[in-house]
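A.B. asks: Have a look at the structure that comes next, please.
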Amino acid sequence: MNSTSVQSDIVLHLNHISKRFGSLLANDDISLELRRGEVLALLGENGAGKTTLMNILFGHYTADSGEIRVFGRSLQSSSPKAALSAGIGMVHQHFTLADNLTVLENIMLGTEPLWHLWQRQQNARQRVIALADQFGLSMHPDAKIADLSVGERQRVEILKALYRDVKILILDEPTAVLTPQETEALFTTLHKLTQAELSVMFISHKLQEVMRVSDRVIVLRTGRVVATVPTAETTPAALAELMVGRPIPQPTRQFQTPGEALLQLAAVTVASQDGRPLIDQLDLTVRQAEIVGIAGVSGNGQAALFNLLSGLLTPTSGTVRLYGQVCDRFTATDMVRANIARIPEDRHTTGLIGDMSIWENLILADYAEPAFSQKGFLKRHSAIAHANQIIQAFDVRCPSPFATVRLLSGGNMQKLILGRELSRQPQIILASQPTRGLDLGAVTYVHQQLLNARDRGAGILLISEDLDELLSLCDRLCVIYQGKLSAPMPTETVSLQTLGLMMAGKDKADAI
C-alpha cells in the first residue's frame, strides 16, 4: 500500500505483552503499534510467537503481563466477543464456516437472537450486498458454502468481520491456499479496506507478498521483536535474515538432461466407492534426473494420485509402468520394494508415528531387512546407529534417537522423514506438500535435499499448492483440475497467471 495514505493516529497498541506456556516463553515483552489505514505485516519463523500474539489480541489467550489498548481504551476482557466488540476481527487460515448454510446465514450467525435471525434477513441481505460491492467481495448471499471455492469462502470470512463493523482486521496466512488470481483479488480488497481507514495485520511467510502489500513490517524471533521497518526501506533478503538470524542461501536448479522414464501412467483412472473418478484418464511420465510438478487447488485429485503411487489405491483402469515394466500389484510394501520414497503431506498422522521414538520411526519400512533383523529379532544396536547417522546427516535437532517424535518441531519432523526416505537412495520420490507449515530455514533445507536427489539421478513427482515452490524446483509442470491432468509444460514457459487460470479450469490456450 502507498505509505502516504497511512494516517499517523494509532488504533492499536500492544504494551509489553508476555505469555508463557510452562517453560516456553512464547511472547517476551512484545510492544507494537498499528496505525489507521495501514497494513502491518507480522513475520517470523514457526515458533517465533506470531500465532500466540494474535490469539492474545483476538481473545483466545490471556497475556501473563502487558496491556492491549484499542482506540485509546484498554481491552480488559480476553474473549473473541470482547475483541469483536472493540472492533477487532480475525480471518483464520482454516475457515470457520458451516458448509450446509448459505453465505447470508453464516454471516448473520451470532449477530441476532435465534428468534430474530430469520425475521431480519432482508435488511442483512441489503447490507451484505452493499459491503460486497464496496470492497470488491462479490458474493451471492444465497449461495451454499459447500459450493464455494476456497477464495470465495475467504471472502465470506472477510464479509463476516466487516458485517460486525470491525476496524482492525487480522489476516492469518491469507494467501496460503489461493490461486494467483484470487490473491490479486484479495490485494485489491485490502487496498479498498485501507482506503476506508480500516487497519490490517497481515501474517504471512511469503516475503514478496509482504513487500507488495504492507506499509511496515515487524519481525519476531524466539518470542521477541527484533525489527520494525518501513517496507520501502527493506528487501526480501534482509527480512529473511532478520527472521532466521543468519543469511539464507537460496538453492538453485541447474540444467540437467533427463534420462530414461522411471514412472509412466497411461489413461489411468481411480474411482471412489460410489464410482466417481478421483483421477480421470491421467497420463504422466517422470524421468531420471527431473522434477515434475503437479499444481492445483486442494481436492482436485492430488491425494488420490499420491495414494495410488504409494500403494494405497488400485487403478480402476489404465496402465502404470515402473522402470518400463507394467505394475500389477499395488500395496505399500510393493512400492517400498520398488525403491519409491514417499513424503506425505501430513507428517503427523501418515508420515510418522508420534508416540514412537526417532530410531523406531526411521526403520518403519525396513525393520524386516537383514540390516535390522536377524531370525525374527530386532538388531537394536544397528537401528540406533542408523538413526544417529541420519540425525547427523540431515541435521535433525533432537535430544537423542530415543526422543519421542511428537516432541519435535515440524521442521525437524520433516527432516526426519527426508532422512528416512532419501537415505535409501530411492530412484523415484513422491513428495506431497513437503514444505507446508515450515519456516524459511526448513523450507530452504527441504528444497536443497530434493535438488540433490534430482542431481544424483532420481525422478521426483512434486505435488504442491505453493506455486513459487513449483516454479523454482520443477523442470516440467502439470495442472490437475477435477481429476484431469494437463499436458506437461516446461517451467520456463509458464507464468503464475497461466497456472492460476488453469487451476480454475481454463485450458492452456484460454489461459495464455
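The values are calculated or read from the model by the stated rules, or taken from the named source; none is laboratory data. Small disclaimer: the values here were computed from a predicted structure and weren't measured. For neighbour counting, all protein chains shown are included, and Cβ atoms are generated from backbone atoms with ideal geometry for every residue, glycine included.
A.B. asks: Could you figure out which of (1) surrounded by fewer than 22 Cβ atoms within 10 Å (Cβ to Cβ); (2) in contact with a Phe, Trp or Tyr (Cβ under 6 Å, 6 or more places away or on another chain) isn't true of residue 171?
C.D. replies: Only one criterion is unmet by residue 171, namely (1).
Each row is one residue, and each column tells you yes or no for (1) modelled with pLDDT of 90 or more; (2) farther than 21 Å from residue 164 by Cα; (3) among the acidic types (Asp, Glu).
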site	(1), (2), (3)
21	no, yes, no
46	no, yes, no
62	yes, yes, no
65	yes, yes, no
89	yes, no, no
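A.B. asks: Are any residues in the range 207-236 over 21 Å from the mean Cα position of the chain (by Cα) and exposed (fewer than 13 other Cβ atoms within 10 Å of the Cβ), and if so, which ones?
C.D. replies: Correct list: 230, 232, 233, 235.
A.B. asks: Then there's this: Examine the range 14-27 for a residue that is touching a residue at least 60 places away in the same chain (Cβ under 8 Å), in contact with a Lys or Arg (Cβ under 7 Å, 6 or more places away or on another chain) and not assigned by TED's automatic domain parsing to the domain that holds residue 150, and state whether such a residue exists.
C.D. replies: Narrowing the range 14-27 to residues touching a residue at least 60 places away in the same chain (Cβ under 8 Å): 25-27.
Pick out the ones that are also in contact with a Lys or Arg (Cβ under 7 Å, 6 or more places away or on another chain) and you get 26-27.
Among the residues that remain, those that are also not assigned by TED's automatic domain parsing to the domain that holds residue 150 are: 26-27.
Yes, the conditions are met somewhere in the range 14-27.
A.B. asks: For the range 145-156, state whether one or more residues are over 27 Å from the mean Cα position of the chain (by Cα) and more than 26 Å from residue 12 (Cβ to Cβ).
C.D. replies: Kept after step one, since they are over 27 Å from the mean Cα position of the chain (by Cα), are these residues of the range 145-156: none.
Looking through the range 145-156, none of the residues is over 27 Å from the mean Cα position of the chain (by Cα) and more than 26 Å from residue 12 (Cβ to Cβ).
A.B. asks: Between 229, 166, 219, which is part of a strand (DSSP E or B), among the β-branched types (Val, Ile, Thr) and in contact (Cβ under 8 Å) with a residue 60 or more places away in the chain?
C.D. replies: On the way: 229 fails: in contact (Cβ under 8 Å) with a residue 60 or more places away in the chain; 166 fails: part of a strand (DSSP E or B).
Result: 219 is the single residue among 229, 166, 219 that is part of a strand (DSSP E or B), among the β-branched types (Val, Ile, Thr) and in contact (Cβ under 8 Å) with a residue 60 or more places away in the chain.
A.B. asks: Here's a follow-up. Kindly check whether there is at least one residue in the range 32-43 that is at pLDDT 90 or above, farther than 21 Å from residue 186 by Cα and not charged (D, E, K, R).
C.D. replies: Residues of the range 32-43 that are at pLDDT 90 or above, as a first pass: 32-43.
Cutting the leftovers down to farther than 21 Å from residue 186 by Cα gives us 32-33.
Next, only the ones that are not charged (D, E, K, R) stay: 32.
Yes: the range 32-43 contains one or more residues that are at pLDDT 90 or above, farther than 21 Å from residue 186 by Cα and not charged (D, E, K, R).
A.B. asks: Another question, if that's okay. Does residue 409 fit the bill of being within 17 Å of the chain's Cα centre (by Cα), closer than 30 Å to residue 393 by Cα and not assigned by TED's automatic domain parsing to the domain that holds residue 334? Write out each step before concluding.
C.D. replies: Working: within 17 Å of the chain's Cα centre (by Cα): yes; closer than 30 Å to residue 393 by Cα: yes; not assigned by TED's automatic domain parsing to the domain that holds residue 334: yes.
Judged against the criteria, residue 409 is a match.
A.B. asks: Collect the residues in the range 133-151 that are touching a Lys or Arg at 6+ places or on another chain (Cβ under 8 Å) and in a helix (DSSP H, G or I), keeping them in residue-number order.
C.D. replies: Initially, the range 133-151 is screened for residues touching a Lys or Arg at 6+ places or on another chain (Cβ under 8 Å), giving 134-139, 141, 145.
Selection gives 134, 135, 145.
A.B. asks: For the structure I just gave you, tell me whether residue 224 is touching a residue at least 40 places away in the same chain (Cβ under 8 Å) and not assigned by TED's automatic domain parsing to the domain that holds residue 480. Quick ask: steps written out before the conclusion?
C.D. replies: On the way: touching a residue at least 40 places away in the same chain (Cβ under 8 Å): yes; not assigned by TED's automatic domain parsing to the domain that holds residue 480: yes.
Criteria met by residue 224.
A.B. asks: Please verify whether the range 8-31 includes one or more residues that are in contact with a Gly (Cβ under 8 Å, 6 or more places away or on another chain) and part of a loop (DSSP other than H, G, I, E, B).
C.D. replies: Checked the range 8-31: no residue is in contact with a Gly (Cβ under 8 Å, 6 or more places away or on another chain) and part of a loop (DSSP other than H, G, I, E, B).
A.B. asks: Let me ask something additional. Quick one: what pairs do we get from the range 63-88, first residue assigned by TED's automatic domain parsing to the domain that holds residue 198 and within 23 Å of residue 157 (Cβ to Cβ), second aromatic (Phe, Trp, Tyr) and outside any helix (DSSP H, G or I), C-beta under 6 Å, 6+ apart or different chains?
C.D. replies: 80/58; 83/58
A.B. asks: May I ask you to list the residues in the range 476-512 that are in a loop (DSSP other than H, G, I, E, B) and either surrounded by 21 or more Cβ atoms within 10 Å (Cβ to Cβ) or under 22 Å from the mean Cα position of the chain (by Cα) (or both)?
C.D. replies: Kept after step one, since they are in a loop (DSSP other than H, G, I, E, B), are these residues of the range 476-512: 482-483, 486-488, 494-495, 504-507, 512.
Of everything in the range 476-512, those that are in a loop (DSSP other than H, G, I, E, B) and either surrounded by 21 or more Cβ atoms within 10 Å (Cβ to Cβ) or under 22 Å from the mean Cα position of the chain (by Cα) (or both) turn out to be 482, 483, 494, 495, 504, 505.
A.B. asks: A further question on this structure: Using the structure shown, decide if residue 68 is touching a Leu at 6+ places or on another chain (Cβ under 8 Å), in a strand (DSSP E or B) and of a type in the set (Val, Ile, Thr).
C.D. replies: Working: touching a Leu at 6+ places or on another chain (Cβ under 8 Å): yes; in a strand (DSSP E or B): yes; of a type in the set (Val, Ile, Thr): yes.
When the stated conditions are applied, residue 68 passes them.
A.B. asks: For the range 490-510: of the residues being over 16 Å from residue 184 (Cα atoms) and of a type in the set (Gly, Ala, Ser), which is modelled with the lowest pLDDT? Steps first, please.
C.D. replies: Quick first cut of the range 490-510, residues over 16 Å from residue 184 (Cα atoms) only: 490-494, 505-510.
Filter once more, keeping what is of a type in the set (Gly, Ala, Ser): 505, 509.
On the way: 505: 85, 509: 53.
The qualifying residue modelled with the lowest pLDDT is 509.
A.B. asks: Any residue at all in the range 95-109 that's touching a Phe, Trp or Tyr at 6+ places or on another chain (Cβ under 9 Å) and either assigned to a strand (DSSP E or B) or in the same structural domain as residue 34 (by TED's automatic domain parsing) (or both)?
C.D. replies: Looking through the range 95-109, none of the residues is touching a Phe, Trp or Tyr at 6+ places or on another chain (Cβ under 9 Å) and either assigned to a strand (DSSP E or B) or in the same structural domain as residue 34 (by TED's automatic domain parsing) (or both).
A.B. asks: Would you call residue 154 in the same structural domain as residue 37 (by TED's automatic domain parsing), assigned to a helix (DSSP H, G or I) and closer than 23 Å to residue 435 by Cβ? Let's see the steps before the verdict.
C.D. replies: Working: in the same structural domain as residue 37 (by TED's automatic domain parsing): no; assigned to a helix (DSSP H, G or I): yes; closer than 23 Å to residue 435 by Cβ: yes.
Taking the combined requirement at face value, the residue does not satisfy it.
A.B. asks: Okay, moving on. Which number in (1) assigned to a helix (DSSP H, G or I); (2) under 20 Å from residue 70 (Cα atoms) marks the one condition that residue 202 misses?
C.D. replies: Unmet condition: (1).
For every residue, the table says whether it meets (1) without any contact (Cβ under 8 Å) to a residue 60 or more places away in the chain; (2) more than 18 Å from residue 253 (Cβ to Cβ).
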| position | (1), (2) |
| --- | --- |
| 382 | yes, yes |
| 415 | yes, yes |
| 421 | no, yes |
| 424 | no, yes |
| 441 | no, yes |
| 449 | yes, no |
| 457 | no, no |
| 468 | no, no |
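A.B. asks: Can you tell me which condition residue 51 does not meet? The list is (1) in a strand (DSSP E or B); (2) β-branched (Val, Ile, Thr); (3) closer than 25 Å to residue 244 by Cα, and all the others hold.
C.D. replies: (1)
A.B. asks: I've got another one for you. For the range 68-82, what are the residues that are small (Gly, Ala, Ser) and surrounded by 12 or more Cβ atoms within 10 Å (Cβ to Cβ)?
C.D. replies: Taking the range 68-82 as the starting set, the residues that turn out to be small (Gly, Ala, Ser) are 72, 74, 77-79, 82.
Within the range 68-82, 78, 79, 82 meet the criteria.
A.B. asks: Being under 28 Å from residue 432 (Cβ atoms) and either loosely packed, with under 12 Cβ neighbours inside 10 Å or aliphatic (A, V, I, L, M) (or both) is the filter here, so list the residues in the range 370-394 that pass it.
C.D. replies: 371, 383, 387, 390, 391, 392, 393
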